[in-house]
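Here is the structure we will look at, set down as structure tokens.
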Amino acid sequence: MPMTTTTRSTLLLVAVVGALLFTLAADIYGALVTKSSTEDLVNDAFRSVSLVEDLRRQVHTLAAHELGAPRDAVLGAIDRDVRDYAPLATYEDEGAVWAQLQAQLGPLRDALARGDLAAAAIAAQRAGDLADQLVDINVRSAGAIVTRISQLRRREIMIDVVVVLVAVVLLTRIGVGVNRAQRREAALVARNLAMVQAQNRELEAFAGRAAHDLRAPLSPIRGFADLIATGNDAPDEMRRMGAVIAKGVNRMSRVIDDMLELSRSGHAVPGSAPLRAVAAAVVEELAPELRDAQVQIDVDDVIVGCGETALEQILRNLIGNSAKYRSPERRLEVVLRGQRDGDRVRLEVADNGTGMDAASAAHAFDPFFRGRADVAGTGLGLAIVERIARAYGGSCALDAARPQGMAVAVVLPLAPAP
């Protein structure tokens, strides 16, 4: 399975972060090791030079007869310096010179024991020369170590520079890859959007043509059905069949109107509508369907920021649904509320009808979905309401968890002040 651009970018980013963390850990470890080694070397160098200087001073003191203390004490100090210096004689050529110095201390002791001051002076001079050689060796070795430490630090700096350059290259590749991916995604989204818009235009054109083509043959059928249903000379059965045909034609006309409205409902037509006047007109229009229902209208006197036809369509579908899904067990009660909420208007149509279960409510806004097959309808009412509200930047929501009936809330923008 090929890796996507996002996956490759993620892997490169992880590699960069890992390389930087590794470099940081190596730098910290190298700095700690270098610090410890440098301190040990410096301390050993100072200790070595100090011991050699003390040893040389003690030897010259014996050779010059400047004993401020008993000779045995001076010889003890020399033995102590020799014992302490032995573990520090680790530099190259230092061991041989140190061995010669130790060997030269023996004749010095013997000369002092015999009281041969001339021989003691010669032995002390040689021991001093060897001590000077040890000092030179420590100084040169310390300088070489400092040079080696500097080389190591330069190498670490070069490694850091290489790692940083690699990280910059990888980050650049990540940035270029992400930029390309974003451009491709933006182009794909624009292409898909153009395709959807073209399909919507084709759907609207098709819906308009289909509505026109379907209405044309329905008109004569409706006319003949009305003549048959109202003809006094026709038999009763024929008049009944004419009424059935006329009812079917009217239902087909409503389906065509709903399909045409669904195709147009996704477009917001600029305009404004007085909520109170439109609500009263729709309730009066639906009076035959509401029949003996108790209808309560409680709306603010506000201007809604949508076309008057769109607002009529919303209220007609919501109140019409309440009339369709009334309960046979009680008188229908419909409450229409409309209140201003900031720069919005919230409409709610609630009833005490049969309501809707949770499974049906999940698909209530799907076109052509019908919760009950025994109630006449096209299944487009709520889909049209939701699309109109969304087209104007609003929303539509159901409240199906009521003890009785259903409530639908629609939020629409408030018309701007003139």
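The values are calculated or read from the model by the stated rules, or taken from the named source; none is laboratory data. Fair warning: this is a prediction, and the values are worked out from it, not measured in the lab. Counting neighbours? That spans all protein chains shown, and the Cβs are built from the backbone with ideal geometry, glycine included.
For this structure, a couple of remarks:
- Yes/no for R183 being in contact with a helix residue (DSSP H, G or I) (Cβ under 8 Å, 6 or more places away or on another chain), assigned to a helix (DSSP H, G or I) and surrounded by fewer than 14 Cβ atoms within 10 Å (Cβ to Cβ): no
- Pairs, first outside any helix (DSSP H, G or I) in the range 232-251, second not acidic (D, E), C-beta under 7 Å, six or more apart: A234/I228
- From the list G223, G271, G242, the one residue that fits, being of a type outside the set (S, T, Y), on the phi > 0 side of the Ramachandran plot and modelled with pLDDT of 75 or more, is G271.
- Sole exception among (1) touching a helix residue (DSSP H, G or I) at 6+ places or on another chain (Cβ under 9 Å); (2) farther than 30 Å from E202 by Cα; (3) surrounded by fewer than 19 Cβ atoms within 10 Å (Cβ to Cβ) for Q294, by number: (1)
- Within the range 322-344, the set of residues being assigned to a helix (DSSP H, G or I) and under 39 Å from the mean Cα position of the chain (by Cα) is empty.
- Test: residue in the range 360-375 that is assigned by TED's automatic domain parsing to the domain that holds A400, part of a helix (DSSP H, G or I) and at pLDDT below 90: yes
- Count of the range 400-417 residues which are surrounded by fewer than 17 Cβ atoms within 10 Å (Cβ to Cβ), within 17 Å of A364 (Cα to Cα) and of a type outside the set (G, A, S): 1
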